[in-house]
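Remarks on the structure that follows.
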Amino acid sequence: QVRLVESGGGLVQPGGSLRLSCSASGSNNTLPVMAWYRQFPGKQRELVAQITDGGFTYIANSVMGRFTISRQKGQNTVYLQMNNLRNEDTAIYSCYTAFQGSGLWGQGTQVTVSP
């Protein structure tokens, strides 16, 4: 059974930076896609960024130029570097992957951007 464990959330001032990490355990193979979603209160989760095992990335327009997703080749740990954070980035950030046809989520980590 694959499990996702996130870390790195917290409180930061506007303009600051945070780095989120997500490690997947339980898979002997490199997961094809790993992604970060976020959820605002009362809203559905939205895709922030994703990366394939080949290194191809997608970044949402709302965070383009400020957030970067990365992972080491052959590893099932993904990072989300968040720079120049804004109040509107405040959300619960969750890691996502697909394994054997099922979508899997991490427990989520709170990111709060506030003066």
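Readers should treat all values here as calculations from the given coordinates under stated rules, not as data from a laboratory. The structure displayed is predicted, hence computed values, not measured ones. We place every Cβ from the backbone using ideal geometry, glycine too, and count neighbours over all the protein chains shown.
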**Request:** Between Met64 and Gln100, with labels modelled 7 Å along Cα→Cβ, what's the label distance in nm to one decimal, could you check?
**Result:** 3.8
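Quick one: length gained pulling Gln81 to Asn28 fully straight, 0.36 nm per residue minus the C-alpha distance? Kindly include the intermediate steps, with their values, before the conclusion.
Values: separation 53, 0.36 × 53 = 19.08 nm, distance 2.60 nm.
Gain on stretching Gln81 to Asn28: 16.5 nm.
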**Item:** Label zone at Gln110, where the point sits 7 Å out along the Cα-to-Cβ direction: the stretch 8-50 residues whose backbone N lies under 12 Å
**Value:** 9-12
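Run through the stretch 35-104 and list the trypsin sites (Lys or Arg not before Pro) located in a DSSP loop whose Cβ has at most 10 other Cβ atoms within 10 Å.
Values: sites: Arg38, Lys43, Arg45, Arg66, Arg71, Lys73, Arg86; in loops: Lys43, Arg45, Arg66, Lys73, Arg86.
Taking the stretch 35-104 and a limit of 10 other Cβ atoms within 10 Å, the loop trypsin sites (Lys or Arg not before Pro) found are Lys43, Lys73.
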**Item:** Sequence-separation-based contact order of the chain, relative, with Cα cut under 8 Å and 6+ spacing, percent
**Value:** 36
**Fill in**
If each K or R counts +1 and each D or E counts -1, the residues other than Arg66 whose Cβ falls under 11 Å of its Cβ total 0
**Request:** Could you check the simple spin-label distance between Arg3 and Gln44, using points 7 Å along Cα→Cβ, in nm with one decimal?
**Result:** 3.0
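Under a Cβ-Cβ cut-off of 13 Å, what is the net charge of the residues other than Gly54 that fall near it, where Lys and Arg count +1 and Asp and Glu count -1? List each step's numbers first, then the result.
Details: positive: Arg71, Lys73; negative: Asp53.
Charge balance near Gly54 sits at +1.
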**Request:** Could you work out the local net charge near Gln39, counting Lys and Arg as +1, Asp and Glu as -1, over the other residues with Cβ closer than 10 Å to its Cβ?
**Result:** +2
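Could you tell me which chymotrypsin sites (Phe, Trp or Tyr not before Pro) in the stretch 1-110 are loop residues by DSSP with no more than 14 other beta carbons within 10 angstrom of their beta carbon? Let's see the in-between values first.
Details: sites: Trp36, Tyr37, Phe56, Tyr58, Phe67, Tyr79, Tyr93, Tyr96, Phe99, Trp105; in loops: Phe56.
Answer by residue number: Phe56.
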